[in-house]
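The values are calculated or read from the model by the stated rules, or taken from the named source; none is laboratory data. Note that the structure is a prediction, hence the values are computed from the model and not measured. Because the Cβ atoms are built from the backbone with ideal geometry, glycine has one as well, and the counts that use them run over all protein chains shown. Only protein heavy atoms, including side chains, enter the accessible area calculation; ligands, DNA and RNA are left aside. Shrake-Rupley method; radii C 1.70, N 1.55, O 1.52, S 1.80 Å.
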Amino acid sequence: MGQFYSSPETSLDLHDHQQWPPGSLVGALSSSPLVLPSTDEGLLNFVDFTFPLPDECLASIFRFLNSGDRKSCSLVCKRWFQVESESRHRLSLNAQDEILPFLPSLFARFDSVKKLSLRCNRKISRINDDALILVSIRCRSLTRIKLSGRFQLTDMGIATFASNCKTLKKFSCSSCALGANSINALLKNSSTLEELSLKGLRGVIAGTEPIVPGVAAASLKSILLKDLVDGLSLTPLIMGSKNLKALKIIRCQGNWDELFQFFGHGNSMASLIEVHIERIQVSDCGVSAISNCLNLEILHLIKVWDCSNFGLACIAEHCKRLRKLHIDGWRINRIGDEGLIAIAKQCLDLQELVLIGVNPTCLSLSMLASNCVNLERLALCGSRVGDEEIACIAAKCKSLKKLCIKGCPISNIGIESLAWGCPNLAKIKVKKCRGVTGEIKEWLVEKRTSLSVNWDVEEIDHLDASSSDAGSGQEVAVLETRLVETGGEAPVVGDRWLTILKTTLSGLSGRSLMACTFGRWPNSPNSSNSRSI
């Protein structure tokens, strides 16, 4: 592809050039392809076949390319440079100090950016209020911004940025020194904000000013709190969000039973559709309070040590619309058949069930298969599920489409039962099951040719359902050691943290950590990526 001439003196008459290649349909277009004269007679003339294309079509083609290919395309000619700049809606920058002098020209070129990510790996970055305000002035269409690093931002800078970005819908902040005043300044000036993500903020500590939703009270739909020292200081923000649909609280200190007690008492929390709680201090009292959210459809209970069958039964009794349920019981046997049977009796619309460190038997699995006729995705990881339970699933789960088995004591006999059952099964993943051999995979593929099989029978120590920051489809290896005692009861609230610490340290002696991943299902049948449902 060649470049076309931009000056009138050297421009060519497009209708004077012959059709190339001969006999092609390109010559039938109203504007013939541009042919550049070659300096060497032995070389073919170069033709720009994109010349007749409108800029909108060229921009649509660029959207299918990755960032590196887009950079290369922008160097082809002035037209491609301009179209690529105007059509780039996502931009991710490594916000080191060296980039500061280039920010004005950078955002003058990419003024159509809608999603911006600024990352800095250094302890302290010189990115300050001036840089953030420049972004808000240049990028008027900005809808999402993600800040990751210790930037030198003040309350005034955050407020000015929010007031300039009239279309801002998502604000994500990670490992920053922003405090309560900065968050309040953002919420006070962001009337269109829908998603708020706060991770590892050093300025949100006990004794600071309460964080309130401000003008974002009506628009805020999703809140994510992760690794906060005093996450309870955001209680007024959560309770004041009138249309909140998703709430995720991960590894935040404090007793969260107090917050969940407000759920369902005539406030906006009754509109919640998704709740994700992970490694926080919540007892059955708090989990049962979550059941007041009658519209709840998605629930993640990840390593909530004080939750038992009683809390899960309360969820089942009131949350009739539950579609997705993820439970990581961490092998402490507080959630079992009793809670799962309650789910099977009450939550008839269940479509996805993920059980990690939970030990269901044929009794609960048969109830789930019989009552939850829409159950399409099932994952059993790190549990005592054997051949008998797999045979029960194969015989009774008629609607099952995806099945994941990880770290379970099954054998080839259990896999053989899947060849005759689950008529709608499309994908199966078998990982880290010591009793399963590679020969049964070939036999299963031969019996069910349309079945997508993902196979890995290596040993595993522990499976983890902890969430990651990817938000975006990346796999994160989580290093964990499993509890030494798998049959003991959960520690009481008072000495729970000390007991967990002692148990974890005892598991480290004489053994190494095993990294494992729990992600999405692969697209290819024989993919070796360890992704799950």
*Would you confirm whether any residue within the stretch 117-134 is assigned to a strand (DSSP E or B) and within 22 Å of Ala217 (Cβ to Cβ)?*
no
*Please work out which one of (1) in contact with a Ser or Thr (Cβ under 9 Å, 6 or more places away or on another chain); (2) in contact (Cβ under 8 Å) with a residue 24 or more places away in the chain is the condition Phe107 fails and give its number.*
(1)
*Go through the residues of the stretch 129-144 one by one and say whether even a single one is closer than 30 Å to Ile183 by Cβ, without any contact (Cβ under 8 Å) to a residue 40 or more places away in the chain, of a type in the set (S, T, N, Q) and crowded, with 17+ Cβ neighbours inside 10 Å.*
yes
*Going by the conditions given, is Cys307 crowded, with 21+ Cβ neighbours inside 10 Å, out of contact with any Cys (no Cβ under 7 Å at 6 or more places or on another chain) and farther than 23 Å from Lys402 by Cα?*
yes
*Any chance the stretch 216-228 includes a residue that's basic (Lys, Arg) and either closer than 26 Å to Thr167 by Cα or not assigned by the TED database to the domain that holds Asn164 (or both)?*
yes
*Do we have any residue at all in the stretch 367-388 that's over 22 Å from Arg323 (Cα atoms), among the basic types (Lys, Arg) and assigned to a loop (DSSP other than H, G, I, E, B)?*
yes
*Take the residues in the stretch 132-161 that are over 15 Å from Leu100 (Cβ atoms) and polar (S, T, N, Q), then tell me which one is nearest to the chain's Cα centre (by Cα).*
Ser148
*Please find, among Val83, Val26, the residue that is modelled with pLDDT under 85, surrounded by 12 or more Cβ atoms within 10 Å (Cβ to Cβ) and either β-branched (Val, Ile, Thr) or within 45 Å of the chain's Cα centre (by Cα) (or both).*
Val26
_Kindly evaluate Trp420 against the criterion of being open to solvent by 30 Å² or more (accessible area, probe 1.4 Å) and either part of a loop (DSSP other than H, G, I, E, B) or closer than 23 Å to Ile302 by Cβ (or both)._
yes
*Mind checking which residues of the stretch 358-394 are more than 28 Å from the chain's Cα centre (by Cα), β-branched (Val, Ile, Thr) and surrounded by fewer than 19 Cβ atoms within 10 Å (Cβ to Cβ)?*
Thr361
*Among the helices (runs of 4 or more DSSP H) contained in the stretch 232-341, which hold 1 or more residues that are under 25 Å from Leu201 (Cβ atoms)?*
235-240, 257-260, 284-290
*Which one of Glu446, Glu442, Glu458 is exposed (fewer than 13 other Cβ atoms within 10 Å of the Cβ), part of a loop (DSSP other than H, G, I, E, B) and modelled with pLDDT of 50 or more?*
Glu458
*Pull up the stretch 86-108, narrow it to residues that are part of a loop (DSSP other than H, G, I, E, B) and not charged (D, E, K, R), then point me to the one that is modelled with the lowest pLDDT.*
Gln96
*Could you grab me the full set of residues in the stretch 251-279 that are modelled with pLDDT of 95 or more and crowded, with 22+ Cβ neighbours inside 10 Å?*
Val275, Ile277
*So, in the stretch 398-417, of the ones that are open to solvent by less than 10 Å² (accessible area, probe 1.4 Å) and in contact with a helix residue (DSSP H, G or I) (Cβ under 9 Å, 6 or more places away or on another chain), which residue ends up nearest to Lys447 (Cα to Cα)?*
Ile415
_Looking at Val430, Val453 in this structure, which one is touching a Phe, Trp or Tyr at 6+ places or on another chain (Cβ under 6 Å) and under 23 Å from Asn374 (Cα atoms)?_
Val430
*Here are some conditions: (1) closer than 23 Å to Cys165 by Cβ; (2) polar (S, T, N, Q); (3) open to solvent by less than 60 Å² (accessible area, probe 1.4 Å); (4) not in a helix (DSSP H, G or I). Asn184 meets all but one. Which one does it not meet?*
(4)
*Quick one: what pairs do we get from the stretch 75-100, first residue more than 20 Å from Lys114 (Cβ to Cβ), second aromatic (Phe, Trp, Tyr), C-beta under 8 Å, 6+ apart or different chains?*
Leu75/Phe81; Cys77/Phe4; Arg79/Phe4
*Conditions (1) of a type in the set (S, T, N, Q); (2) open to solvent by 30 Å² or more (accessible area, probe 1.4 Å); (3) under 26 Å from Ser148 (Cα atoms): number failed by Ser233*: (2)
